[in-house]
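A.B. asks: Attaching a single structure in structure tokens format; questions to follow.
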């Protein structure tokens, strides 16, 4: 069975029915559900919060991993209906980073190339590779890569190794001259 309409065009009653037997629908998408809750213009803020809570309860593990997969959507869902200032948003993003790091450590995921972090997003609308899957090749290449304060940067280690190698060569060269 198919849903037939975009999720952001469904009423609160239809969304509750959809969540109660979501396994019957072949085109059901959990990420689409959470984004549809945010984008819906049919639902009022109280209904959005009610549907969000029901969806969180139904898809607990997925909602927890949404912090890593799509932190922007998770943040908007978490603070649905709240007015926040820049300071609160900054604190929220620190909390998001902490949760991402904790989840990746707990699940032993070493790569960070999934979700919104795997897509090219340089900020230019005219870019020909916008939203294409990319693989990060350097530190903060497009400004949207996942990084934490506890990360060890291999580039600094390589540079340090190169400097030590040059110093050893100089010392060897000086010893040969004497």
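A.B. asks: If one computes the Cα centroid of the range 56-82 and of the range 108-132, what distance in Å separates the two points?
C.D. replies: 19
A.B. asks: Just check the range 1-110 against the gyration tensor rule for me: Cα atoms, a ≥ b ≥ c as the square roots of the eigenvalues, rounded for a/c under 1.5, and otherwise prolate or oblate depending on whether a/b exceeds b/c. All intermediate terms of the calculation are to be shown ahead of the outcome.
C.D. replies: Working: a/c = 2.64, a/b = 1.39, b/c = 1.89.
Oblate, because a/c is 1.5 or more while a/b does not exceed b/c.
A.B. asks: Going 7 Å from the Cα of residue 9 along its beta-carbon direction, which residues of the range 34-77 have the amide nitrogen within less than 14 Å of the resulting point?
C.D. replies: Counting only backbone N, you get 40-42.
A.B. asks: What's the extension gain from residue 41 to residue 25 if we count 0.36 nm per residue and subtract their Cα-Cα distance?
C.D. replies: On the way: separation 16, 0.36 × 16 = 5.76 nm, distance 2.30 nm.
Contour length minus Cα-Cα distance gives 3.5 nm.
A.B. asks: Can you compute the radius of gyration and Dmax for the range 16-68, using only the Cα atoms, both in Å?
C.D. replies: Just the Cα atoms of the range 16-68 yield Rg and Dmax of 10.9, 29 Å.
Taken together, the values in this text are just the output of simple stated rules run on the coordinates, not laboratory data. Just so you know, these numbers come straight off a predicted model, no measurement behind them. Note that we place each Cβ from the backbone using ideal geometry, even for glycine, and neighbour counts take in every protein chain shown.
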